[in-house]
1. Do we have Glu71 as under 28 Å from Glu8 (Cβ atoms) and at pLDDT below 95 here?
2. Could you list, ordered by first residue, the pairs with Cβ atoms under 9 Å in which the first is in the stretch 58-75 and free of Cβ contacts under 8 Å to residues at least 60 places away in the same chain and over 21 Å from Asn110 (Cβ atoms) and the second is part of a helix (DSSP H, G or I) and of a type in the set (Lys, Arg), at least 6 apart or interchain?
3. Any residue in the stretch 2-16 that is over 14 Å from Thr37 (Cα atoms) sitting within a Cβ distance under 9 Å of a residue that is assigned to a helix (DSSP H, G or I) and open to solvent by less than 50 Å² (accessible area, probe 1.4 Å)? List the pairs, counting only those 6 or more apart or interchain.
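The values are calculated or read from the model by the stated rules, or taken from the named source; none is laboratory data. No experiment lies behind these values; they were computed from the predicted model shown. With ideal geometry, Cβ positions are generated from the backbone for all residues, glycine too; neighbour counts draw on all protein chains shown. All accessible areas refer to the heavy atoms of the entire protein, side chains included, with ligands and DNA or RNA removed. Shrake-Rupley method; radii C 1.70, N 1.55, O 1.52, S 1.80 Å.
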Amino acid sequence: DFKQQVAEKLRDVLVSMEPSRWKETSTAGTESLPSTTQVDEAIEFFVEKHWLALMETQEALFKDVEPTKEESLLKAFRGTQDQNKIMEDFGVFSNSNGLAESFRRRRLANEQRAQ
């Protein structure tokens, strides 16, 4: 199963990056590796929501662009706003209020300037 293979590799990466952090791999470890449910949620978010949304936005941004046309400028603005929202959602998912708020403010300020 794809998700199980990714989960195993992700855990391997976590352990290789910080072997002394995890109780499962070090007697000095202070934290448990993320649960299967947490890893599954992260995989689903990144593959099915975050990555897909970024790829769709990139496709829209760079398809049929004519720099001298106003429609291309509007497309660039909308794409940038979409990317800001995607990153805001990532901040929410990762419990990083600062990241989420930063991209939310950027997105709202851009909308305000565009009016």
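1. Numbers: under 28 Å from Glu8 (Cβ atoms): no; at pLDDT below 95: yes.
Taking the combined requirement at face value, the residue does not satisfy it.
2. Matching pairs, first to second residue: Lys63/Lys75; Asp64/Lys75.
3. Within 9 Å, the pairs are Phe2/Ile43.
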